[in-house]
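Asks: Take this structure first; my questions come after.
The values are calculated or read from the model by the stated rules, or taken from the named source; none is laboratory data. Note that this is a predicted model, so its numbers are computed, not measured. Counting neighbours? That spans all protein chains shown, and the Cβs are built from the backbone with ideal geometry, glycine included. In case anyone asks, the SASA skips ligands and DNA or RNA and just uses the protein heavy atoms, side chains included. Shrake-Rupley method; radii C 1.70, N 1.55, O 1.52, S 1.80 Å.
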Amino acid sequence: MNLHEYQAKKLFEDYGIPTPTGHVAHTVEDAKHCVAEIGGDSWIVKAQVHAGGRGKAGGVKIARGHDELESIVGSLLGSQLVTKQSAPHGQPVNCVLIASLSDIDSELYLGLVVDRASRRVAIMASTEGGMDIEEVAATQPDKIISVTVDPVLGLQSHQCRRIGFALGFDDKQRKQLTSILQGLYKLFTEKDLSLVEINPLIVNKNSDLVAIDAKIGVDDNALFRQAQLETLRDASQEDEKENSARQFDLNYITLDGNIACMVNGAGLAMATMDIIQLQGGSPANFLDVGGGATAEKVAEAFKLIVSDKNVKAILVNIFGGIVRCDLIAEGIIQAVKEVGIAVPVVVRLEGTNVNEGKAALTASGLTLLTADDLNDAAAKAVAAVGGVQ
């Protein structure tokens with residue numbers, strides 16, 4: 001789960017990480033009140049969307065005076081901001097963050113992420129902060145400084161100093177960086193985060209470090225113990241179908257192909273998508289209905305699938321272990337009848353009571369294509385949409 005910048009900065013403040021004075025506005029009137037509290041005659045206006053690259057997409061602007069402020073806020077609110085990292089149609093801008101301008105001497109990058117290889121939190125820093133950090137990582141990886149933190153020992157002062165020296169900081173700045181890093185690491189571990197980024201972390205004209213941007217990702221698997229953070233979820237920034245799937249305990253991710261997949265088990269779902277591509281097709285989604293799939297879950301899964309207008313065929317790949325294949329077949333039949341599916345459906349069943357399941361599908365009178373194995377199922381699904389894509 002991602003947080004908006006203004007939400008992330010509130011957490012930064014709670015953990016002693018310096019940020020510019022700023023307030024969130026949902027209307028032009030809100031914006032007027034914000035700048036009255038901030039003071040000054042120029043401010044930065046930042047569209048609040050769950051996507052990077054806002055600056056290059058016109059989502060970050062400087063307002064010089066009240067008239068320009070009203071014009072910028074009015075044009076951003078209610079718009080769809082399309083960035084390199086957003087959905088193709090963009091992300092809705094429902095609010096903006098208005099903050100005081102910072103006198104920037106230099107821009108740096110600072111981030112924390114879970115390093116799966118070492119099974120530790122990794123801290124990454126670079127002197128090349130700003131809008132082109134992705135390009136720096138791709139073309140100049142030597143510019144990225146990386147340190148992993150032992151979960152038993154925690155973040156050590158010498159590690160903070162090492163990063164500070166690598167960034168070229170003086171003694172005062174190294175002390176500030178140590179405080180910021182200790183706060184970030186504490187925030188990361190206490191709030192079960194998966195990602196924290198400050199891009200840029202600036203050195204201002206007074207030689208102080210300030211986080212003028214903030215990006216936070218929360219581990220979805222830990223939300224059961226982070227109830228307060230879950231209240232910050234902005235469903236408008238997420239895929240509508242993925243939100244619906246979450247309500248029924250379905251793991252669903254939208255993709256850009258035309259062969260929908262419904263599978264029980266994440267590993268089997270990944271294998272199914274791979275074989276579809278091997279056969280020359282393109283999966284329209286990742287959909288794991290779980291090992292304990294029920295007829296109701298299968299019906300909801302079909303509803304999600306057919307809500308995607310790009311879907312031209314459906315491949316159902318079920319291994320009956322915890323749940324018998326005949327019960328899954330009954331669920332498929334019920335779901336197809338209830339939803340009224342107009343595209344070809346290929347079904348591959350394997351496991352407990354597989355013969356009974358296949359017999360039920362055949363006796364249903366529905367136009368369902370059965371498959372002997374996964375390769376056969378994928379080939380039939382690809383053929384149903386017109387062959388190799």
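Asks: Check Leu327 against each of (1) touching a helix residue (DSSP H, G or I) at 6+ places or on another chain (Cβ under 7 Å); (2) outside any loop (DSSP other than H, G, I, E, B); (3) among the aliphatic types (A, V, I, L, M); (4) modelled with pLDDT under 90 and name the one condition it does not meet.
Replies: For Leu327, the exception is condition (1).
Asks: Could you please let me know if Val114 is part of a strand (DSSP E or B) and open to solvent by less than 40 Å² (accessible area, probe 1.4 Å)?
Replies: No: the conditions fail for Val114.
Asks: Looking at region 1-111, what strands (runs of 3 or more DSSP E) fall wholly within it and have at least 2 residues that are open to solvent by less than 40 Å² (accessible area, probe 1.4 Å), at pLDDT 95 or above and under 24 Å from Lys191 (Cβ atoms)?
Replies: Correct list: 96-100.
Asks: So, in region 186-201, exactly how many residues are in a helix (DSSP H, G or I) and either modelled with pLDDT under 95 or among the polar types (S, T, N, Q) (or both)?
Replies: Within region 186-201, the first condition is being in a helix (DSSP H, G or I), and the residues that meet it are 186-190.
Next, from what is left, pick out any that are either modelled with pLDDT under 95 or among the polar types (S, T, N, Q) (or both): 189.
The number of residues fulfilling the criteria is 1.
Asks: Next up: Just to be sure before I move on: is Ile123 open to solvent by less than 10 Å² (accessible area, probe 1.4 Å) and either among the small types (Gly, Ala, Ser) or over 20 Å from Gln48 (Cα atoms) (or both) in the structure I sent?
Replies: Yes, satisfied.
Asks: Now a separate question. I'd like to check something: does region 141-154 contain any residue that is part of a helix (DSSP H, G or I), touching a helix residue (DSSP H, G or I) at 6+ places or on another chain (Cβ under 8 Å), open to solvent by less than 70 Å² (accessible area, probe 1.4 Å) and under 16 Å from Val113 (Cα atoms)?
Replies: no
Asks: Would you pick out the residues in region 202-231 that are part of a strand (DSSP E or B) and surrounded by 20 or more Cβ atoms within 10 Å (Cβ to Cβ)? Steps first, answer last, please.
Replies: Of all residues in region 202-231, those part of a strand (DSSP E or B) come to 202-204, 209-211, 215-218.
Matches in region 202-231: Ile202, Val203, Leu209, Val210, Ala211, Ile216, Val218.
Asks: Tell me whether region 338-356 contains one or more residues that are part of a helix (DSSP H, G or I), modelled with pLDDT under 85 and not polar (S, T, N, Q).
Replies: Within region 338-356 (the criterion being part of a helix (DSSP H, G or I), modelled with pLDDT under 85 and not polar (S, T, N, Q)), the answer is yes, since at least one residue qualifies.
Asks: OK, next. How many residues does region 279-319 contain that are part of a loop (DSSP other than H, G, I, E, B) and under 24 Å from the mean Cα position of the chain (by Cα)?
Replies: 9
Asks: Right, something else. Show the residue pairs that are 6+ apart or on different chains and have beta-carbon atoms under 7 Å apart, the first residue being within region 354-382 and more than 16 Å from Gly331 (Cβ to Cβ), the second being at pLDDT below 85.
Replies: Note: pairs meeting the criteria are Val382/Val388.
Asks: For Ala359, are the conditions met, namely being in contact with a strand residue (DSSP E or B) (Cβ under 7 Å, 6 or more places away or on another chain) and not in a loop (DSSP other than H, G, I, E, B)?
Replies: no
Asks: On to the next question. Restricting to region 187-230, name every residue that is farther than 23 Å from Ile98 by Cα and either β-branched (Val, Ile, Thr) or touching a Phe, Trp or Tyr at 6+ places or on another chain (Cβ under 6 Å) (or both).
Replies: Once the filter is applied, which keeps residues that are farther than 23 Å from Ile98 by Cα and either β-branched (Val, Ile, Thr) or touching a Phe, Trp or Tyr at 6+ places or on another chain (Cβ under 6 Å) (or both), region 187-230 yields Leu187, Thr189, Val218.
Asks: List the number of the failed condition for Gly267; all other conditions in (1) surrounded by fewer than 17 Cβ atoms within 10 Å (Cβ to Cβ); (2) of a type in the set (Gly, Ala, Ser); (3) over 26 Å from Asp326 (Cβ atoms) hold.
Replies: (3)
Asks: Go through region 350-369 and give me each residue that's under 19 Å from Ile305 (Cα atoms) and buried (at least 18 other Cβ atoms within 10 Å of the Cβ).
Replies: Leu368, Leu369
Asks: If you check Val60, Val82, Val93, Val35, which single one turns out to be among the aliphatic types (A, V, I, L, M), over 19 Å from the mean Cα position of the chain (by Cα) and over 30 Å from Ile145 (Cβ atoms)? Step through it out loud before you land on a result.
Replies: Values: Val60 fails: over 30 Å from Ile145 (Cβ atoms); Val82 fails: over 19 Å from the mean Cα position of the chain (by Cα); Val93 fails: over 19 Å from the mean Cα position of the chain (by Cα).
After applying the criteria, what remains is Val35.
Asks: Take the residues of region 331-349 that are in contact (Cβ under 8 Å) with a residue 40 or more places away in the chain and not β-branched (Val, Ile, Thr): which is most open to solvent (accessible area, probe 1.4 Å)?
Replies: Going through the qualifying residues, I end up with Pro344.
Asks: Gln228 is checked against (1) touching a strand residue (DSSP E or B) at 6+ places or on another chain (Cβ under 6 Å); (2) under 25 Å from Leu11 (Cα atoms) and fails just one. What number does that condition carry?
Replies: Only one criterion in (1) touching a strand residue (DSSP E or B) at 6+ places or on another chain (Cβ under 6 Å); (2) under 25 Å from Leu11 (Cα atoms) is unmet by Gln228, namely (1).
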